[in-house]
Amino acid sequence: MEGPKLIEAAMDAGVVPLEVYTVDRGSIVDRCEAAGSEVVEISRTVLKTIATTVEPQDPVAVIELPKAPSLGVERVVVLVDIADPGNVGTLIRSAAALGWQVALLGGADPWSPKVLRSAAGAHFAGMPVLIDDLSDIAALGFTTVATIVEGGQEPVEVESDAPIAILIGSESHGLASAMIDRCDVAMTIPMSTDSESLNAAVAGSIAMYALSRPN
């Protein structure tokens, strides 16, 4: 995990790095050390070797992945086989901002460096949950909403007295027809006739915003 902002987000959530590697000590390094992190001072060359970006931010921290919470909030967005780390990170960030929980069914590793950077620390505001099947969601009483390119209800038409789970499909294929059939509702975001589809992260963010209303 690179950079003071990510490390600060982790610390604010009670996640203390095991080790912190730094070239120029700053306040976040002092805070980590005071909380019990092992601090190792290194050269810029070493920083570039251990970091995952071409121009890494100082410091770099090693954390133990926190335990994900159970599913159970009233709004969950389910990322189905979304492979692009940038899209996964953006959706985690949008979900945190809008008060949604994130569940992942396949796709990119939510704790990979690229996803962490794209989410900008939002992991620690609402940690993503890995699930094995849509039944994990349905068994909890959620109304499952499949997002499809055309033919579904508009967001204003989606009604439910139960908690809602929005499913966002992969960038290239969307949701499989069998999964759509298993959902309670199919929803389509209205678009200009000149637009073929929306980016997965954009579609998911719009869908969450559109359904961010009391159940």
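Just so it is clear, none of the values below were taken in a lab; they were calculated from the coordinates. Only a predicted model underlies this, so the values are computations on that prediction, with no experimental measurement involved. Backbone-built Cβ (ideal geometry, glycine too); neighbour counts: all protein chains shown.
Taking a straight line from the alpha carbon of Lys114, these aspartates and glutamates sit under 18 Å away, with near neighbours fewer than eight places off in the same chain left out: Glu2, Glu8, Glu55, Asp58, Glu64, Asp81, Asp84, Glu171. Computed about its Cα centre, the charge dipole of the chain is approximately 400 debye, with only Lys, Arg, Asp and Glu carrying charge at their Cβ.
Cα-based values for the chain, radius of gyration first and Dmax second, are 19.3, 58 Å.
Under the membrane-span-like helix rule (DSSP H runs whose alpha carbons stretch at least 18 Å along the helix axis, mean Kyte-Doolittle hydropathy -1.0 or higher), the chain yields 85-98. Computed from backbone phi, the HN-Hα couplings of the range 166-182 come to 8, 9, 10, x, 5, 4, 8, 10, x, 8, 5, 4, 5, 6, 4, 5, 7 Hz, rounded to whole numbers (Karplus: 6.51 cos²θ - 1.76 cosθ + 1.60, θ = phi - 60°; Gly and Pro given as x). Using a simple spin-label model with pseudo-atoms 7 Å out from Cα toward Cβ, Leu18 and Glu74 lie 3.9 nm apart.
Under the rule of -39500 (n - 2.57) per DSSP H run of 4 or more residues, summed and divided by the residues of the chain, what mean residue ellipticity at 222 nm is obtained, to the nearest 500 deg cm²/dmol?
On the way: 8 runs with 67 residues, N = 215.
About -8500 deg cm²/dmol.
Taking amide H positions as modeled 1.01 Å from N, with prolines and chain starts lacking one, the residues under 5 Å from Ile166 and 5 or more places away or on another chain are Val76, Val77, Val78, Val145.
Phi angles of the range 155-165 translate, via the Karplus equation with coefficients 6.51, -1.76, 1.60 and θ = phi - 60°, into HN-Hα couplings of x, 5, 8, 7, 10, 6, 8, 9, x, 10, 10 Hz per residue; Gly and Pro are given as x.
Would you kindly calculate the translational diffusion coefficient of the range 4-62, applying Stokes-Einstein with the Kirkwood radius from alpha carbon pairs, for 4 °C and a viscosity of 1.567 mPa s, and quote it in µm² s⁻¹ without decimals? Translational diffusion coefficient: 115 µm²/s. Derived scalar couplings between HN and Hα for the range 44-51 equal 4, 4, 5, 4, 5, 6, 8, 7 Hz in order, rounded to whole Hz, by the Karplus curve 6.51 cos²θ - 1.76 cosθ + 1.60 (θ = phi - 60°), x for Gly and Pro.
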